[in-house]
1. Counting C-alpha atoms alone, how compact is segment 357-482: give Rg to one decimal and Dmax as a whole number, in angstrom.
2. Using only alpha carbon pairs under 8 Å that are at least six residues apart, calculate the relative contact order of the chain and give it in whole percent.
3. Identify, among Thr459, Leu538, Ala551, the residue whose Cα sits farthest towards the positive end of the charge dipole of segment 456-567, taking +1 on the Cβ of Lys and Arg and -1 on the Cβ of Asp and Glu, with the dipole about the Cα centre.
4. What FRET efficiency do you get for Glu720 and Trp613 if R0 is 22 Å and r is their Cβ-Cβ distance, rounded to the nearest 0.05?
5. Above 21 angstrom, tally the Cα pairs of segment 23-112 and express them as a % of all pairs, no decimals.
6. Can you tell me the length gained on complete extension of the stretch Tyr269 to Asp794, counting 0.36 nm per residue apart and subtracting the Cα distance?
7. Taking every alpha carbon pair in segment 102-184, what does the distance histogram look like in 5 angstrom bins from 0, in percent?
8. Output wanted: per-residue J couplings in Hz (rounded whole) for segment 740-745, from phi through Karplus 6.51 cos²θ - 1.76 cosθ + 1.60, θ = phi - 60°, x for Gly and Pro.
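Derivation of every value follows stated rules applied to the coordinates shown; laboratory data play no part. No experiment lies behind these values; they were computed from the predicted model shown. Here Cβ is always computed from backbone atoms with ideal geometry, including for glycine, and neighbour counts include all displayed protein chains.
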Amino acid sequence: MSIPTPDVLSEASKKSAREQYFPTTVKSIQDNIIHHLISFQGRDPERSGASDIYKALAFTMRDIMVEKWIKTQKRYYAKEKKRVYYLSLEFLIGRSLGNAIINLGLWEEVDQAIEGLGYTLEEIREQEEDAALGNGGLGRLAACFMDSIATLKIPAYGYGIRYEYGLFNQQLINGYQVESPDNWLRYGTPWEFERRLPVFCVKFYGKVTSFQDEKGCYRTKWIETEDVMAMPCDILVPGYKNDHVINMRLWAARASRELDLTHFGEGDYIGAVQHKVSSETISKVLYPPDHNYAGQELRLKQQYFFVCATFQDIMRRYKKQNQTFDTFYDEVAVQLNDTHPAIAIPELMRLLLDEEGLNWEKAWDISTKTFAYTNHTLMPEALERWSVDLLGKVLPRHLQIIYEINQRFLDQIAQEYPGDHDKLRRMSIIEEGYPKMVRMAHLAIIGSHSVNGVAALHTRLLKERIFKDFNALYPDRFNSKTNGITPRRWLLKANPQLSALINSRIGEGWEVDLDKLHELEPLADDAEFREAFRQVKLENKTRLATYINLATGVEVSPETMFDVQVKRIHEYKRQLLNALHVIYLYQKFVTQPKLNLPPRTVIFAGKAAPSYWRAKLIIKLINSIAEVVNHDPRIGDRLRVVFLPNYNVSQAEMIIPAADLSEQISTAGTEASGTGNMKFALNGALTIGTLDGANIEIREEVGDENIFIFGLNAEEAEFERIRNSRTPEQICRENPEVDEVIEALADGSFSLGDRNLFKPLVDSLMSPHDQYLLIRDFESYIDSQHQVNEAFLDQERWTRMAVLNVARMGKFSTDRTIKQYANEIWGIPV
Ligand code: IMP
């Protein structure tokens, strides 16, 4: 039954009814907040606090968004043929309130409405918990993509998991990382719609039987399964100042039956509840390792759980308007964010073969034309491989299908390359050995029509190194889509002062057309503009300094250079190299106090995976260095070291606009793209970095003279690992400055005389087999840091460079990235 629109209402009363439910004026926003407080939260407005107001304001914004979402969805049905499904195990959303207010174009009105209620918008926004449903770059990219997709009005949905616990909270105790659960849903979230429909059944385990159908065709049945229900929770994503609102549909696991009646009948109450508890474990917690594959059963179940529910939803929607599958890939495009959702390939095959009765060739043709796969890593340990035994146990039918896909694929290879058994072994989806493994990346490449890397260098290395055989076989399949960031969150929202300054000179419009920032270029030579630019930076640094003091007790001066490295703690990202430079600087300040070096505040933040002890030891080292440096009276205020605990999206929004120097120092050939590098440059920090990931493209854009590049390039690094032309020992012998740094680390100077504490780090640094080549790059890093110092001492020159960085960041908007995906992969012209 449909509810008719009340056409009897006059235009004036329609308008006032709209305003009542979908407010856009200060007065109606206040009325709505009060209405929500009373009617939905049961609060007395006179006695409610900031957290109540936060919720009521969030609901008020959600009301506006849901109306637009309904209209958007209706438009899809009326007009759009093809829809995109972006499948990602992670969406690192952060906070939603500020972003929603900005994108709805209601900042001024909400600001005034909240002030009228006796609060500041800032303190209300502080009430929101981050939604940390991701680990780092991959998850944040997915969130930025949602913003651009909505802004560009692309008919698309994000699909993932509604984890009850997001990425763990990090505390520092005695300099060590200590983790605690991130119970972000403790008080509920106003942003999601928990839906009772559609709810889908997801099967696990059991066995496969085969039979002949009435036409004599071979058919299979997956039986005796353990079932879990998937319940959709929708989080709405508004486009920037338009009428388009999309949704992320995140699945929550629910028991297929409340209580197990067999146990219940036998009086086993606890056993009866057990089933419910274990089913709901599936969406309980986000796995914290980043760039590492661990092979746990629960993780595989998470992957299949969300893929299976998603495809039932896709099929449900598709079947509303289609009787056959002939046009499936003309209406459905599925982007796989890494291999985490790659089980979708055998799942779609299973649906088409077993449920819809299509033959193999037809099903395979549809499937490969539907899927596209994004690779995010070059590191072998991050490539997912599931043991055949585990996959066969959890998903027996899928293993059969994977074997069939592989057999047909290997037959094709054997025909094209007769006698080349080594090639068959290298390219097979199944890795022979004990235990046998399923290589998910091979499955994703074979089962997709597009495979993309996330920066130019990354894509080239995919083609030349790890997927060389596949690139030779499918030369048209590989393509590059350089990552980006959304300028709405990472400039407009994170840095309102800089945004206002930009607006005052070139006007608005850059928020949706970031190339417009080019108009700032001439202003790099305008002394008045530079002064205003510096003033903005100083304000942002002052704010961060206050936060640092609150969070760590360390006093830092906003007048010093803010040298920042914030990202996941990982050996390949080389926070340890930065730490070595801090020791170097410290020694310089102590031994040569007259040297004209600008004072620095070196800021670190980031989480280490709980099981990654080496990364955790690096955190301890940084804190130990801070302890010594920050208390040494000989260096006065010239050097401070800070490790900010619990890095998350909200903290990033405060840190990044306050940075002078952005550390992007991974070993060349290891970081696929990086997106932090883009955020910093867009906010007027200069980069010191290696020729890795998107740093290369940043250099192309900003120009050699506006970035500090050092170290081996990817080819040299690869070569050096084999040739080992200068071992760490040799470098220490030849360079006393490097030697002294290593010596200080080894002799207990930063560990109260304990020579054992940091020995594992010293050993890896001094190993001739250090794959991350820290000591090999250290001298070049020091040289480059000297150039940084020199540039910083000349503030006019520094600001000029910083302005040019901002002006030349247009390429790195996710609007550009998403347009490329839409035009070149999804077949949706934008
Ligand atoms: P879904 O696409 O079935 O998930 O529905 C999402 C929203 O799209 C619904 O809440 C409706 O607002 C709208 N919608 C669903 N089915 C139709 C249809 O057949 N025609 C027009 N709009 C629809």
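1. Here Rg and the maximum Cα pair distance are 14.7, 43 Å.
2. 12
3. Looking along the dipole axis, the top candidate is Thr459.
4. Calculated transfer efficiency: 0.25.
5. 45
6. Taking 0.36 nm per residue and subtracting the Cα distance, the gain is 181.6 nm.
7. In whole percents, the pair-distance histogram is 3, 11, 13, 15, 17, 16, 15, 8, 3, 0.
8. 5, 5, 5, 4, 4, 5
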